[in-house]
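Since the structure comes first, as structure tokens, the remarks are kept for the end.
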Amino acid sequence: MASLSFSSSLSTTSQIQRLSSLPLKPQQGKLQKSVVPAIQSKIREIFMPALSSTMTEGKIVSWVKSEGDVLSKGESVVVVESDKADMDVETFYDGILAAIVVNEGETAPVGAPIGLLAETEEEIAEAKAKAQSKSPSSAAPPASSASKAETPAPPPPPPPADGPRKTVATPFAKKLAKQHKVDIEKVIGTGPYGRITPEDVEKAAGIAPAKSPTPVAAPVAAAAAAAPVKAPSASPATLSEIPGATVVPFTTMQAAVSKNMVESLTVPTFRVGYPINTDALDALYEKVKKKGVTMTALLAKAAAMALVQHPVVNSTCKDGKSFTYNSNINIAVAVAINGGLITPVLQDADKLDLYLLSQKWKELVEKARAKQLQPQEYNSGTFTLSNLGMFGVDRFDAILPPGQGAIMAVGASKPTVVADADGFFSVKNKMQVNVTADHRIIYGADLAAFLQTFSKIIENPDSLTL
């Protein structure tokens, strides 16, 4: 399991100021005052860390420590499941785990407090009281009492937390705040743990809430009360349930994959296919597989060598206004694991020899299946390779991952009848390679030239072992 150190943010929760001013008396024309220094009680908030660039929330897998345990700097406190891996989170401070705010199996947005760390035993009771005010269960009674009051006025905003707090908002809420010139620091969040939602920003901007399934249901319900004969009109909008069906919520990794796939729809892509003769590559593989070399390593090495000659295919476009030439060639390779999909990254694949690359790949796969990858081992890819050839799939198209310029889909190598320049027929092994690319920065001629270079390397693979 991977390990990550974090610095829990400091939150001054109480200040016990014992200021004692002694009687003033003149002394040589000056006033003299004696003041006892202020004594501050410090309780540190343990925040949900951001374990990857795409992580917006995390799930507590388990608490390594229990409430009341004394912690030393560098000790593991909690295991967090991110969208890519499970990671041990360590503390940078000595102290006492005074209270657990988010229990095992529960989720919290990045930046939200998940536990409280006290410096002394005297602060534990105060920390527990603060944890009670932060827990979701404690926030539920005010909401129920407000509903019982049946008053049109909105419920009062939650009391501000003591000391400085980090503003936690969804990415779309931040985008809306910037678009409507709303100071997000002044917006009161109504989401879990005080998280600011897009609806909160729209309310602060004075924008009427967009139509959603919930608001639409209200008029239907009102109409049904006034005229019961119209009630059946709401039934077509509701999808019928299939008997015996089971609804299974996404895991954290599946939710991240879903989010990335939806995000990929915003990028204009195109696809180019290319058939490649693999007879020479198959022969080389038979020689080197005894030394631990995998076909994945051969394909990754060939792709990296081709990218050196075509750097635009290794570039990225993040803002729609410019593109970035990446100085490193980091080949991400899609791997199916239990409960999801992850892309371990072979960093600097063009600079590693074939045997070292294969060894590195085996280590990454083992760590991926054990959910022990470090963030830089799965979020630093500049080009992705997806190979379904081992399953007999002859061709497929891959979806472009966010933040990359291209992804290559490799099919199985199969015997194919081909005709030479003289019209003679023969049987050769061929595989179909399809590349999906961001059309904002990569054009058809760019991909065609890249695939020609890749094909030459595969059909004359001696350079792969140099």
For this session: Answer yes or no: is there a residue in segment 365-387 that is closer than 22 Å to Asp282 by Cβ, part of a loop (DSSP other than H, G, I, E, B) and touching a residue at least 24 places away in the same chain (Cβ under 8 Å).
Result: no
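For (1) open to solvent by less than 20 Å² (accessible area, probe 1.4 Å); (2) without any contact (Cβ under 8 Å) to a residue 40 or more places away in the chain; (3) within 17 Å of Val410 (Cα to Cα), each residue gets a yes or a no:
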{"residue": "Ala304", "(1), (2), (3)": "yes, no, yes"}
{"residue": "Leu307", "(1), (2), (3)": "yes, no, yes"}
{"residue": "Val312", "(1), (2), (3)": "no, no, no"}
{"residue": "Tyr325", "(1), (2), (3)": "no, yes, no"}
{"residue": "Asn330", "(1), (2), (3)": "yes, no, no"}
{"residue": "Gly340", "(1), (2), (3)": "no, no, no"}
{"residue": "Ala349", "(1), (2), (3)": "yes, no, no"}
Exercise. Restricting attention to segment 251-302, which residues are of a type in the set (Ser, Thr, Tyr) and open to solvent by less than 10 Å² (accessible area, probe 1.4 Å)?
Worked result: Thr278
Problem set entry | From Asp200, Asp162, residue being touching a Ser or Thr at 6+ places or on another chain (Cβ under 6 Å), modelled with pLDDT of 70 or more and either open to solvent by 60 Å² or more (accessible area, probe 1.4 Å) or of a type in the set (Asp, Glu) (or both) | Asp200
Problem set entry | Only one of Ala118, Ala50 that is open to solvent by 60 Å² or more (accessible area, probe 1.4 Å) and at pLDDT below 85 | Ala50
Exercise. Of the residues Ala445, Ala409, which is open to solvent by 40 Å² or more (accessible area, probe 1.4 Å), in the same structural domain as Glu459 (by the TED database), hydrophobic (A, V, I, L, M, F, W, C) and at pLDDT 95 or above?
Worked result: Ala445
For this session: Could you list, in sequence order, all residues of segment 338-351 that are under 18 Å from Pro311 (Cα atoms) and not in a strand (DSSP E or B)?
Result: Gln347, Asp348, Ala349, Asp350, Lys351
For this session: Give the residue, chosen from Gly389, Gly320, that is of a type outside the set (Lys, Arg), modelled with pLDDT under 95 and on the phi > 0 side of the Ramachandran plot.
Result: Gly320
Problem set entry | Val229 vs. criteria in a helix (DSSP H, G or I), at pLDDT 80 or above, among the hydrophobic types (A, V, I, L, M, F, W, C) and not assigned by the TED database to the domain that holds Ala50 | no
Problem set entry | All positions within segment 74-107 that are at pLDDT 80 or above, open to solvent by 30 Å² or more (accessible area, probe 1.4 Å) and not hydroxyl-bearing (Ser, Thr, Tyr) | Glu75, Asp94, Ile100, Asn103, Glu104, Gly105, Glu106
Exercise. Would segment 371-384 turn up any residue that is basic (Lys, Arg) and within 18 Å of the chain's Cα centre (by Cα)?
Worked result: yes
For this session: Determine which member of the set Leu356, Leu364 is open to solvent by less than 40 Å² (accessible area, probe 1.4 Å), modelled with pLDDT of 90 or more and over 19 Å from Phe450 (Cβ atoms).
Result: Leu364
Seminar exercise, completed: Gly29 meets each of (1) modelled with pLDDT of 75 or more; (2) surrounded by fewer than 13 Cβ atoms within 10 Å (Cβ to Cβ) with one exception, condition (1)
Seminar exercise, completed: Of (1) among the hydroxyl-bearing types (Ser, Thr, Tyr); (2) open to solvent by 90 Å² or more (accessible area, probe 1.4 Å); (3) assigned by the TED database to the domain that holds Arg440, Thr246 fails just (3)
Exercise. Based on what the data block shows, is Ala255 modelled with pLDDT under 95 and small (Gly, Ala, Ser)?
Worked result: yes
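The values are calculated or read from the model by the stated rules, or taken from the named source; none is laboratory data. Just so you know, these numbers come straight off a predicted model, no measurement behind them. Neighbour counts are summed over all protein chains in view; Cβ atoms, including those assigned to glycine, are modelled from backbone coordinates with ideal geometry. Accessible surface areas use protein heavy atoms only, side chains included; no ligands, DNA or RNA. Shrake-Rupley method; radii C 1.70, N 1.55, O 1.52, S 1.80 Å.
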